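The values are calculated or read from the model by the stated rules, or taken from the named source; none is laboratory data. Because the structure is a prediction, the values reported are computed rather than measured. Methodologically, a virtual Cβ is constructed for each residue, glycine included, from the backbone with ideal geometry; neighbour enumeration extends over all protein chains shown. All accessible areas refer to the heavy atoms of the entire protein, side chains included, with ligands and DNA or RNA removed. Shrake-Rupley method; radii C 1.70, N 1.55, O 1.52, S 1.80 Å.
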Amino acid sequence: MAPLEERKAPHAGHVFGPVPSKRLGQSLGVDLLPMKSCTWNCIYCQLGRTKEYAVERREFFPPAEILSEIQEALDSGRHIDWITFVGSGETMLYRGLGDLIAEVKALTPIPVAVITNGSLFHLDEVRRELLRADAVLPSLNAGSEELHQKISRPAPGFTLERHLEGLRAFRRVYKGKLWVEVMLLGGVNDSEEALRDIALALRQVGPDMVHLVIPTRPSTEKDVRLPEPERIERAVRLFDEVAPVVHPVKGSMDLRGAPDLLEAVSSITLRHPVQVRELQSALEECFPDEPGKAESRLRELFESGRFRLIEQAGEAYWTSREE
Ligand code: SF4
């Protein structure tokens with residue numbers, strides 16, 4: 001799954017944020033897994049390589065512990081648009097997520113989203129548990145088995161056929177928002193043929209929206225690169241015939257509602273590096289009528305001393321100095 005903007009530092013508690021994001025507004029993230037537990041080993045993963053696949057569902061942490069952290073965040077009075085379950089890996093590996101969602105819903109009317117790679121949707125229990133979520137965001141990065149294996153590098157048996165069967169079965173019963181996320185990788189799944197295959201697969205699933213994302217954060221694999229703008233436009237056009245597409249170019253960060261920019265950017269960099277271009281673009285959206293203001297705010301933020309500038313594959317990022 002990607003782009004994982006709702007993720008957190010590995011040693012923090014279960015709950016982090018709220019984090020400003022375009023897709024889910026002020027999103028309170030809830031991480032249910034020990035780092036890193038996943039059925040896949042995506043080439044674009046920001047959590048590092050999957051050393052050993054996890055495929056068995058388990059209650060990794062007591063629900064009471066997680067719920068008490070959620071309650072604490074709700075009591076803090078901060079504005080929260082979504083409560084978002086994610087994992088340091090594949091979220092649905094947490095057994096009993098359905099009950100946890102029900103408990104959260106008893107605490108608050110705030111809607112609940114689940115970010116998942118979707119690889120366990122072939123299991124009846126997983127589909128049943130997810131029915132309680134208001135939005136489910138599974139991944140679909142390929143429309144051919146070859147590219148599915150190349151990009152997601154799943155555990156044995158996690159074929160594209162099984163993945164699509166699971167997504168289709170879930171769509172048939174799920175009445176909430178199904179927002180399928182497609183990671184577009186330059187030179188990997190952005191050819192005409194690959195895009196057409198993905199569009200066909202999306203059509204079979206029938207999402208309410210397609211979230212097209214690009215690898216704006218460093219991955220451990222060196223050959224992961226951004227697609228050319230022309231390929232992004234082509235993907236948007238093709239997928240838009242299936243469902244409305246969230247365009248990735250401006251990135252996923254939305255700082256417009258942030259009461260304190262420095263705190264907002266710090267909270268994001270605590271969990272993952274932030275691409276400077278994406279940050280600049282988010283700041284420009286904050287000050288649309290003030291030329292030069294985004295640059296000066298960017299400079300001020302950096303002068304706070306809280307960030308470190310790093311470079312990967314020719315791209316500049318900020319990371320937190322507090323890690
Ligand atoms: S599905 Fe697993 S390997 Fe892929 S990006 Fe998400 S956490 Fe990383």
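Filtered by the rule that a residue be within 19 Å of GLY118 (Cα to Cα) and either open to solvent by 30 Å² or more (accessible area, probe 1.4 Å) or in the same structural domain as LEU270 (by TED's automatic domain parsing) (or both), region 24-37 gives PRO34, MET35, LYS36.
What are the residues in region 38-82 that are in contact (Cβ under 8 Å) with a residue 60 or more places away in the chain and open to solvent by 30 Å² or more (accessible area, probe 1.4 Å), if any? Matches in region 38-82: GLN46, ARG49, TYR53, VAL55, ARG78, HIS79, ASP81. Counting only helices (runs of 4 or more DSSP H) that fall entirely inside region 121-191 and contain at least 2 residues that are open to solvent by 10 Å² or more (accessible area, probe 1.4 Å) and in contact with an Asp or Glu (Cβ under 9 Å, 6 or more places away or on another chain), the qualifying elements are 145-152, 160-173. Scanning region 15-46 for residues that are near the ligand (Cβ under 10 Å from one of its atoms) and closer than 19 Å to MET253 by Cβ yields TYR44, GLN46.
Put simply, of ILE214, ILE310 the only residue that is β-branched (Val, Ile, Thr) and under 17 Å from ARG23 (Cα atoms) is ILE214. Is it true that SER76 is among the small types (Gly, Ala, Ser) and within 11 Å of the ligand (Cβ to nearest atom)? Criteria not met by SER76. Annotation note: Cβ proximity below 9 Å between a residue of region 231-255 that is part of a helix (DSSP H, G or I) and a residue that is open to solvent by 80 Å² or more (accessible area, probe 1.4 Å) and modelled with pLDDT of 95 or more (sequence gap 6+ or interchain) occurs for LEU238/ARG196. Residue pairs whose Cβ atoms lie under 7 Å apart, sitting 6 or more positions apart in sequence or on different chains, and linking a residue in region 107-131 that is within 17 Å of THR39 (Cα to Cα) to a partner that is at pLDDT below 95 and open to solvent by 10 Å² or more (accessible area, probe 1.4 Å), are ILE115/MET1; THR116/MET1; ASN117/MET1.
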